[in-house]
Amino acid sequence: MIEEQSLDEAALFLENQDKIYGKNVDIKKVAQPAPVTSLGTALTPMLESTIGGPNDSLWKNVPLENLPSRGLFYPADAEITIKAATVAEIRHWSTIDDSDILDVDDKLNYIIEKCSRFKIKGGTSWLSWRDISELDRVAIIFLIQELTFPADQNSLFSKFECTDSCTGPVKWKDSVKIKSSMLTFIDLPEEVMKYYSAEYKCFEVKSEKLNETFYLYMPTIGAIERLRARIAEAKSKNRKPDMAFLSVAAYLIQDWQSFTQPEYYNLISVSYAWHINKFTFIKKFTELIENARESVVNTVCPNCGNKITSPLFTQSSFTFRDFFLISGGLDELI
């Protein structure tokens, strides 16, 4: 386990090397192995269903190509199925605190855990919901919400207003009922996708300048969850988080199951050995992805045909709480 003092010494060593050679050099160059092509270890077969997900009347298949990740980061023949939330699950959801980011995160994960399944088609074992890409989480929540309330029992609305160039007699504005097909969460930049490896289901970066090949991974729900746990453990020991490392850490985790506290500190240590070009590349790479993220709903102005977008989870839209708690007056519920 690495103490903060050793990290400071590593940084000082690199600074001295810069003075000598005029550039950063690796103090411990560790070749990153090629990623495995499966998602960790398969879980014990689930007992409640022994037939394929889409053939189980309780579970509905989610077309991966319709998700924000487009299924690019899942193994071949991956299959995600979802079901409607039960009363027990909605009771738990009802305690959500929209002002508490961590509580919202926990409640979203709870619904994903209880209402989604992840497997390889034709396989006998199930993967973990934590292997689902974090990019897809809220999109899957929307789909679960639509299954839970199929007859507009809990419609979600967002306010729209057309631009000043609207050609109608009056600039159009209205509240529109939202469907999952109207949502946009990310458009992955071409500058990022040029490094995508269909073989490894991640980003493979081959650098002649650095004489190195390394891999970056789209964060999974499990990776984010484990990273937060590692940060909490470090804080409990009065260790100051390395913010530069944390800004890129989620993209370095291939297998959330093996991301232990020693591995967390090991990754920090290895990152100090990176060439400055490598760190800068990873930093800019992850920023491109994060800046491409957006949570918006799209519609078309009925007056002029312009495409209009409205941000989700704002005062003009709905909150996370509204997903599974029916809005309206008491008389509308009975």
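The values are calculated or read from the model by the stated rules, or taken from the named source; none is laboratory data. This structure is a prediction, so every number in the text was calculated from the model and none was measured. Neighbour counts are summed over all protein chains in view; Cβ atoms, including those assigned to glycine, are modelled from backbone coordinates with ideal geometry.
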**Message:** Take Asp136 and tell me if it is surrounded by fewer than 18 Cβ atoms within 10 Å (Cβ to Cβ) and out of contact with any Gly (no Cβ under 8 Å at 6 or more places or on another chain).
**Reply:** no
**Asked** Which one of the conditions (1) in a loop (DSSP other than H, G, I, E, B); (2) of a type in the set (A, V, I, L, M, F, W, C); (3) modelled with pLDDT under 95 does Leu72 fail to meet, given that it meets all the rest?
**Response** (3)
**Asked** Taking Ser133, is it at pLDDT 95 or above, under 30 Å from Lys107 (Cβ atoms) and polar (S, T, N, Q)?
**Response** yes
**Message:** Report every pair of residues separated by at least 6 positions or lying on different chains whose Cβ atoms are under 6 Å apart, first residue within the stretch 63-89 and aromatic (Phe, Trp, Tyr), second assigned to a strand (DSSP E or B).
**Reply:** Phe73/Ser133
**Request:** Could you check, for the stretch 171-185, whether at least one of its residues is within 19 Å of the chain's Cα centre (by Cα), within 30 Å of Cys202 (Cβ to Cβ), of a type in the set (A, V, I, L, M, F, W, C) and in a loop (DSSP other than H, G, I, E, B)?
**Result:** no
**Request:** Evaluate the stretch 302-318: report whether one residue or more is in contact with a helix residue (DSSP H, G or I) (Cβ under 6 Å, 6 or more places away or on another chain), in contact (Cβ under 8 Å) with a residue 24 or more places away in the chain and surrounded by 12 or more Cβ atoms within 10 Å (Cβ to Cβ).
**Result:** no
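So that you can scan it fast, the table gives a plain yes or no per residue for (1) free of Cβ contacts under 8 Å to residues at least 24 places away in the same chain; (2) over 24 Å from Asp106 (Cβ atoms):
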{"residue": "Ala223", "(1), (2)": "no, no"}
{"residue": "Asn238", "(1), (2)": "yes, yes"}
{"residue": "Ile253", "(1), (2)": "no, no"}
{"residue": "Ala273", "(1), (2)": "no, yes"}
{"residue": "Asn277", "(1), (2)": "no, yes"}
**Prompt:** Counting just the residues of the stretch 150-170 that are aliphatic (A, V, I, L, M) and surrounded by fewer than 16 Cβ atoms within 10 Å (Cβ to Cβ), which one comes out farthest from the chain's Cα centre (by Cα)?
**Reply:** Val170
**Prompt:** Taking the stretch 213-257 as the region of interest, how many residues are of a type in the set (Asp, Glu), at pLDDT below 90 and surrounded by 14 or more Cβ atoms within 10 Å (Cβ to Cβ)?
**Reply:** 1
